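Note sheet for the following structure.
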Amino acid sequence: MAQIARTIARALGLDEDLAEALALAHDLGHTPFGHAGEEALNAEMAPYGGFSHNDQTLRILTRLERRYAEFDGLNLTWETLEGTAKHNGPLIGGNTEHPVPPTIADYDRRHPLDLYTFPGIEAQVASISDDIAYNNHDIDDGLRAGLFAVGDLDPVPLAGPMFREVSSRYPGLEESRLIHESIRRMIDRMVRDVIDETTSRLSDSGARTADDIRNLRSPVVAFSETMRNHERALRQFLLERMYRHYRVNRMSSKARRIVHELFQLFLAEPDCLPSEWRAQATCGIGGNDADRARVVADYLAGMTDRFALDEHRRLFDTYAPV
């Protein structure tokens, strides 16, 4: 994702480092077990304001990282924090349907992030780069996991023609190479489309400054209409053939149970948390149920899949070492 963001930013003459930083920051707030883990943690946090990975990213960048003597968080520019908070668009006004997440709302009160505008152009680049990476990596994962076959992609716009093109050019190519080469070309096609469409939108918009771009009524970084239709078709295919596959549903069910059980145990028994987190959960930061729940959520959200599985085993398997 970060490399995609750099490539698009370079082609458009933008700040490559900022686009890459925003792309990397996007992953910071993700929970273990992907969307299933985030949904489970959001359900646990529903009585305490909910959970979103976007809000969690800002918590990490402005609160949870503790490296400086004079303040919590990292020493980042306004553009980085603004782009992180609203890389998917305005959080206030227009067609927004959800309340502003608590960390973002609190930070905005102290350091306004202009939540009613679109983010800067580098943040828009990071957002669409995530879409490109997400779809293509899921096709790769689904094929390699055997959830669907190359032939199943034949009627899918962009994917079907690309796999046929590579198969025709390299007859007899082993499947692993066919998958890699086809997906590599799909990413390239989508990146080129974004560059062309964004160049056209920039020209038509008349924008001359970063604030001009923020105050436009729609994103300036986007797919063409044709590519948007292709992307919708890809998402629909993945929804039907991968995200709803019974094997994926079973893994998601396990993930939700693990997150639920860990959350409830730590909330009820904060003394089971590691020392630093226990101190926060039992005094000061975690002085009441809502604060304690937030500390537990911070701890869980920072786990990898493997660590969450190991932590669950240590706590729920009677014979596992602690």
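The values are calculated or read from the model by the stated rules, or taken from the named source; none is laboratory data. Quick caveat: nothing in here was measured; it's all calculated off a predicted structure. In this analysis, Cβ positions are derived from the backbone assuming ideal geometry, glycine residues included, and neighbour counts consider all displayed protein chains. Ligands, DNA and RNA are excluded from the accessible area calculation, which covers all protein heavy atoms including side chains. Shrake-Rupley method; radii C 1.70, N 1.55, O 1.52, S 1.80 Å.
Got a sec? Charge dipole of segment 189-286, +1 on Cβ for Lys and Arg, -1 for Asp and Glu; which of A279, A210, T198 is way out at the positive end? Final value for the positive-end residue is T198.
In nm², what is the average projected area of the convex hull enclosing the Cα atoms of segment 1-100?
8.2
The Rg/Rh ratio of segment 259-322, with Rg taken over Cα atoms and Rh as the Kirkwood radius over Cα pairs, comes to 0.96. Dividing the Cα radius of gyration of segment 173-216 by its Kirkwood radius returns 1.33 for Rg/Rh. Eigen-decomposition of the gyration tensor built on the alpha-carbon atoms of segment 170-322 gives equivalent ellipsoid semi-axes of 44, 28, 13 angstrom, largest listed first. Kirkwood radius, segment 55-126, all distinct C-alpha pairs, inverse of mean reciprocal distance: 12.6 Å.
Please sort by residue number the GluC sites (Glu not before Pro) in segment 48-132 whose DSSP state is loop and whose Cβ has at most 15 other Cβ atoms within 10 Å.
Numbers: sites: E65, E70, E79, E82, E97, E122; in loops: E65, E70, E97.
Passing sites in segment 48-132 are E65, E70, E97.
Per residue, the convex hull spanned by the alpha carbons of segment 16-161 comes to 159 Å³. Surface composition of segment 61-190: carbon plus sulfur atoms contribute 48% of the solvent-accessible area (1.4 Å probe, protein chains only, all chains present).
Positive-end ranking of A308, I179, T117 along the dipole of the chain, with charges on Cβ about the Cα centre, is headed by I179.
Per residue, how much accessible surface does the chain expose to a 1.4 Å probe? Answer in Å², no decimals.
Accessible area per residue, the chain: 52 Å².
Mean-square fluctuation check for the chain, GNM, Cα pairs under 10 Å: which of D55, D193, D72 is largest? Maximum among the listed residues: D72.
Determine the dipole magnitude for the chain: charges of +1 sit on the beta-carbon of Lys and Arg, -1 on that of Asp and Glu, nothing else is charged, the reference point is the Cα centre, and the result goes in debye to the nearest 20.
Working: 37 positive and 51 negative charges, 118 e Å.
The dipole magnitude comes to about 560 debye.
The residue list A255, P155, L234 was ranked by how far each Cα lies along the charge dipole of segment 119-258 toward its positive end, using unit charges on Cβ atoms, and A255 comes out on top.
A Förster radius of 25 Å, combined with the Cβ-Cβ distance separating T77 from R109, puts the computed FRET efficiency at roughly 0.80. How big is the charge dipole of segment 112-183 about its Cα centre, in debye rounded to the nearest 20, if each Lys and Arg gets +1 on its Cβ and each Asp and Glu gets -1 on its Cβ? Charge dipole, segment 112-183, about its Cα centre: 240 debye, nearest 20. Based on C-alpha pairs under 8 angstrom that are at least 6 apart in sequence, the chain has a relative contact order of 21 percent. Averaged over residues, the count of other Cβ atoms within 10 Å places the peptides 108-115, 40-47 in the sequence 40-47, 108-115, highest first. Rounded to the nearest 500, the 222 nm mean residue ellipticity of the chain from helices alone is -19500 deg cm²/dmol, with -39,500 (n - 2.57) taken per DSSP H run of at least 4 residues. Taken along its principal axes, the alpha carbon cloud of segment 96-234 reaches lengths of 60, 36, 21 Å, longest axis first. Applying the criteria of a DSSP loop state and at most 16 other Cβ atoms within 10 Å to the chymotrypsin sites (Phe, Trp or Tyr not before Pro) of segment 287-322 yields Y319. With all protein chains in place and a 1.4 Å probe, the accessible surface of segment 210-258 carries 47 percent carbon and sulfur.
Assign unit charges at the C-beta atoms only (+1 for Lys and Arg, -1 for Asp and Glu), then state the dipole size of segment 147-284 relative to its Cα centre in Debye, rounded to the nearest 20. Mind showing how you got there, number by number?
Numbers: 22 positive and 20 negative charges, 59 e Å.
For this selection, approximately 280 debye.
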